[in-house]
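Taking it in order: structure first as structure tokens, then the write-up.
A short reminder: the numbers here are calculations on the coordinates, not readings from a lab. What you see is a predicted model; the values in this text were computed from it and never measured. For neighbour counting, all protein chains shown are included, and Cβ atoms are generated from backbone atoms with ideal geometry for every residue, glycine included.
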Amino acid sequence: MRDEPDHDLELTSPLVPLFVITNGRSLPPEHVYERTTLVSAHEGASAAARTLSPEARLVLDLVMDGFLSVAEVAAHTHLPLGIVRILLAELEESGLVITRKPVPRAERADRELLNAVLDGLKARFGA
Amino acid sequence: MYLDSGVSTAVKILVVGHFGVGKTTCIGSISEIEPLRTEEEITEASIGFDDLSGTPDKTTTTVAMDFGRLTISDEVVLYLFGTPGQERFKEMWEELSRGALGALVLVDPERLSDSFPVLDLVERFGLTYAIGVNHFDGTTTYPLSEVREALNLSAETPVVTCDVRDQRSAAQALITLVNHLLSLID
């Protein structure tokens, strides 16, 4: 079934094993950091960055100047999504990042959001 | 690169379809940023071995997924996630479908049967969807009614022809989906 497993894995395998990057932490529950959860560094976070692992620092540096989604953090840092989630949990616990979680689905919120999306698409693409 | 500071709400729509159907092209046509790629590990059961042991072999695979972004208003940003349509990615579907507004299912009229597993996943995860029949260069156009019949779609599922390389056409397919979502609320 699997002809070239190593080839796939090499794409993301860093020089250090992943459990080293994450200090042996395990994945937080997925819903804590959805792909669309927005993340930004907390004011004054840069002072604390010194004590972080290189990878956690990479994440923190990336969001120092504004909000990005968790998916974008993973893409820009080239770290696997699961690792980014663990690093964000570590950073948030230390008060270094703030997050804006996606709104849970509810009918009224949906209608407003859908209208906003519709208007935005029409305005943007003249459709 | 950063989101506008007032953006507080992120929504997502999945762009799904079989391999090579044009998901990434579609996302690239609409995204305000160069499409980005996440990599993640999934575990999957190796099929066909140890059927009787009760402990199927699990293997880990890295999956790359493309996504794009479109700021919709001062407060809202839309993310489009290209989502592979194979059964073995169902672990990712669970997370991706949670909170998603809906799915745009891209189909290739020359390979309609390849879309069956995709539609199966979309329905299993309860996603509302519209069908975008991607009109590849040089292919003949198919009557949409034939596509609807071949895919065994319900009467209310919107089916539109699109050329996902074209920004307006790709956007129109998304607009069709959003209109459909709104019609279900009203």
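Data for the structure
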| quantity | calculated |
| --- | --- |
| Förster radius 25 Å - calculated FRET efficiency between A:V32 and B:S8, Cβ distance, rounded to 0.05 | 0.85 |
| Given charges at Cβ of Lys, Arg, Asp, Glu: chain B dipole, positive-most of B:T25, B:N134, B:I175 | B:I175 |
| Exposure proxy ranking, count of Cβ atoms within 10 Å, fewest first, for B:F67, B:F89, A:F67 | B:F89, A:F67, B:F67 |
| Reach of A:K122 by Cα under 19 Å, taken over lysines that are not fewer than 8 positions away in the same chain | B:K12 |
| Separation of the A:H76 and B:D74 label points, Cα + 7 Å toward Cβ, nm | 2.4 nm |
| Shielding score for A:72-85, defined as the mean number of other chain Cβ atoms within 10 Å | 4 |
| Distance histogram in 10 Å bins (all Cα pairs of segment B:9-185, percent per bin) | 10, 37, 34, 14, 4, 0 |
| Calculated FRET efficiency for the pair B:E110/A:R111, C-beta based, R₀ 35 Å, to 0.05 | 0.40 |
| Chain B: calculated mean residue ellipticity at 222 nm from DSSP helix runs of at least 4, using -39500 (n - 2.57) | -8000 deg cm²/dmol |
| Reachable aspartates and glutamates, given that their alpha-carbon falls under 17 Å from the alpha-carbon of B:K58 and they are not under 8 places away in the same chain | A:D3, A:E4, A:D6, A:D8, B:E40, B:E41, B:E44, B:D50, B:E87, B:E91 |
